[in-house]
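What follows is a single structure, written as structure tokens, with notes after it.
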């Protein structure tokens, strides 16, 4: 069996999580305040998938890696100045919103169409990688839908490790409840793998890899086609960031035993 | 508690409540009244903002803004270097500082992580050409400056550590033979895949005479003698050199050292490469007990080595049995420092900009957690930003940082452009057989009128100038060289002098804005460490006095004077075309400075002694300081105009571009007014200060000066409004939830 994979990683950008992320009502629905002006990073979940893909491609000669991104190309370009230095890949861009408020189905459709349009992609060798979650607003559904749309029905979510057998089979270690793992073996590509954190650290920046990547990826950014996400009927009633709940009561004149008793009662309730 | 049930609202409601609650004590009423007062004040403030047509700075400026202002939006090689350096600065470097790695003089394994990280992330190879193992083609001054900016954002010592090997290589890069260049540059590149070798690192040893630190180029104690010279063989030299405060000395594999001949068979001074494997003594010496930049290695080495003469940088000739080095040490140092002083100046300015975010966060959070600041009150929400002074002093810090960065990056870009022009000029003279520097200067001097003409055309708007003539002059290598050389001879010492000297004072302002917290090791942003480090930046590669002396010699050149006149005209146009930028005040201060220079050159004191004279540093040095003040605002104004032009085309900036450019115009205006004030003060002291007052309050011969000065005063119109607006913008700007590096 063949072990030269065509690995397509789906991943886009999210606002830098250290920034103040304040939802606001925009003309096209919910958005984040000053979103275009905030620095962005590669979605960490997609990042894990990309680094695992690059590592797999390095170990299995003949393999290729594409990063398929749905996002505003100007912001993507900024993020690529860092991401491009970490691993060799070919960038394919659909120029559209990377907001967490887009419809998962519409997003999946754009990604599937974009992947379909990749010249040289051999779907029999396809490993479709992505994050099983997203740092923007993870519906946890996009990768499954992209797989279905592309006809890839062997799907795994919460993947932390894959091991390629000598016969080309793929052993997949998925997270399940209670901190346990489930091991599965799929005979061969194609398959969808929604990555959890994986096991690899973020690679250091290497400008030489970056220079090689950007020779190809800058033209890809220029060529990016606008993505039409208007087909959705999704609407949002309200949007808010999770609030910290803090109820503080200063108590000084009650014995410790009383305090403990009250806490236990509160917990039981 | 009855007071707790009272809701805050409109005045009538408040009064009703208070009147209806006769049982409330004065202490219980006071918080209600106070909160009401806060709300009214906030409401009035908002009304004022709207009335004054103020803007809101939405976020702190990001990469998109910097790339436009500092002109590297189309250079992804540079953008990647920025990202590499930033990720190191805000992880490895910040962690080292936070863990207290700065608290030792010695180079430790912990500090050694820096080198590994620089190697892995491409920073070590940044200085090299692609055929030597680097990744950036062409000159790299802007690249090095950008990396320095990013590393200094967290710790300038780490930036020094990153630059030190490049400084050692710089003499070889600038004046070495092609063989020397390729050999040492390739050795200093991290191994490529499949290679198994040690990365060489270098140190630059100049400091003389011991035990002091710094160098007077006229006093060299390092000596060279001929150790062995067999017929037909390479002469062997004995080099005796002691260094002080030599960076990288803990791990340097080679040293580029300045020495002087102590032997009739060697002519003059030169620089030479010493390797750790050479025969003799390569003692790294004791660690230098420095109190700043502790993330760079420094020791006081003792070197006494026998080396072949082909290590003389640039090579040598044998003339009548004497070894004649191609370049003396001053020529090499001149070529090196011409470029390497820029990043040093930039370090201080980068730190000023890095202080903005932690200071804002501190000000906003200052009172949270205390009983006196209830949630929802202005004291809780805005903290110290409730007060104008804190906001406006931070505007001053920010404006100084911006001006310094604009100046340093302008100098870096000029150094990049100058690189190829300088090489073309050297080839031209070599082809013509004009090799002596004196003869070259004579040829260039004859072109002065054309150089001035080129400068006039350069700064004339495109639609108004004779383009054919401009192209013709610009295509002449020597004319272009003379124009750029004169400007570089101002910008480079100007960066080093103004950015570090004034930067050190402004960094103290930044520390003071954080109160007692600012002088602790755990102050976010490491502000105290950054302040103390500025003192080294103001010192090494030539302290302030050296830069003032340099400027004294170059600022009088007719070519630079033509440039300054062209800048003044350009800023006057900007004053009209870009209202609020401060163009008029910059222009008027430039004219005042130029008038003062001419006056001083042609005047005497009461004793009849000439005022402007090389030996009279009480006149020349302050005038150099004044010029330093002018350079930053001019470069910042140019960068802001670039942002105004290109910003709307950026999809990420277009949305808030008016707010952004409004803020930057105000920052520029603030800095321009401050600079003009300093220039006016210095010029006034110099013009009036050397003649005693004879009871007459009018000086007819100074009428023009008075008019020019009055114009400077009047051109400050609106500058305090600009500061008001910029300060208010700081109160509203959205900042990240937390600093992006450990504290």
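The values are calculated or read from the model by the stated rules, or taken from the named source; none is laboratory data. Here the structure is a predicted model, which is why all the values come from computation and not from measurement. All Cβ positions, even for glycine, are placed from backbone atoms using ideal geometry, and neighbour counts span all protein chains on display.
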Quiz item: Filtering region B:644-683 down to residues that are crowded, with 16+ Cβ neighbours inside 10 Å and farther than 30 Å from residue B:59 by Cα, which residue is farthest from the other protein chains (Cβ to nearest Cβ)?
Solution: B:683
Exercise. Quick one: which helices (runs of 4 or more DSSP H) lie wholly within region B:477-563 and hold at least 1 residues that are under 25 Å from residue B:618 (Cβ atoms) and assigned by TED's automatic domain parsing to the domain that holds residue B:446?
Key: B:477-494, B:500-512, B:527-537, B:544-554
Practice problem: Output the residues belonging to region A:67-117 that are in contact (Cβ under 8 Å) with a residue 40 or more places away in the chain, part of a helix (DSSP H, G or I) and within 13 Å of another protein chain (Cβ to nearest Cβ). | Solution: A:73, A:75, A:76, A:77, A:79, A:80, A:81, A:82, A:83
Practice problem: State which residue is nearest to residue B:85 (Cα to Cα) when the search covers only region B:133-148 and only residues that are away from chain A (no Cβ under 13 Å) and in contact with a helix residue (DSSP H, G or I) (Cβ under 6 Å, 6 or more places away or on another chain). | Solution: B:148
Quiz item: If residue B:293 satisfies every condition in (1) in a loop (DSSP other than H, G, I, E, B); (2) under 22 Å from residue B:188 (Cα atoms); (3) in contact with a helix residue (DSSP H, G or I) (Cβ under 7 Å, 6 or more places away or on another chain) but one, which is the exception?
Solution: (2)
Self-check item: region B:115-131, residues that are outside any loop (DSSP other than H, G, I, E, B), within 13 Å of chain A (Cβ to nearest Cβ) and surrounded by 19 or more Cβ atoms within 10 Å (Cβ to Cβ)
Solution: B:117, B:118
Exercise. Look at residue B:384 and say whether it is buried (at least 24 other Cβ atoms within 10 Å of the Cβ), in contact with a helix residue (DSSP H, G or I) (Cβ under 8 Å, 6 or more places away or on another chain) and on the phi < 0 side of the Ramachandran plot.
Key: no
Quiz item: Pick from A:226, A:190, A:204: which is within 14 Å of chain B (Cβ to nearest Cβ), touching a residue at least 60 places away in the same chain (Cβ under 8 Å) and surrounded by 11 or more Cβ atoms within 10 Å (Cβ to Cβ)?
Solution: A:204
Quiz prompt | Selection count where residues are away from chain A (no Cβ under 14 Å) and outside any helix (DSSP H, G or I), scope region B:698-743 | solution = 6
Quiz item: Of the conditions (1) away from chain A (no Cβ under 14 Å); (2) touching a helix residue (DSSP H, G or I) at 6+ places or on another chain (Cβ under 8 Å), residue B:109 fails just one. Which one is it?
Solution: (2)
Quiz prompt | Subset of region A:23-61 that is surrounded by fewer than 16 Cβ atoms within 10 Å (Cβ to Cβ) and farther than 26 Å from residue A:233 by Cβ - its residue that is nearest to the other protein chains (Cβ to nearest Cβ) | solution = A:58
Quiz item: Here are some conditions: (1) within 14 Å of chain A (Cβ to nearest Cβ); (2) more than 24 Å from residue B:250 (Cα to Cα); (3) not in a loop (DSSP other than H, G, I, E, B). Residue B:151 meets all but one. Which one does it not meet?
Solution: (2)
Quiz item: For region B:420-453, how many residues are closer than 30 Å to residue B:148 by Cβ and surrounded by fewer than 16 Cβ atoms within 10 Å (Cβ to Cβ)?
Solution: 4
Practice problem: State whether one or more residues within region B:566-574 are in a loop (DSSP other than H, G, I, E, B) and touching a residue at least 40 places away in the same chain (Cβ under 8 Å). | Solution: no
Quiz prompt | Number of the condition not met by residue B:84 [criteria: (1) within 12 Å of another protein chain (Cβ to nearest Cβ); (2) farther than 24 Å from residue B:181 by Cβ; (3) not in a helix (DSSP H, G or I)] | solution = (3)
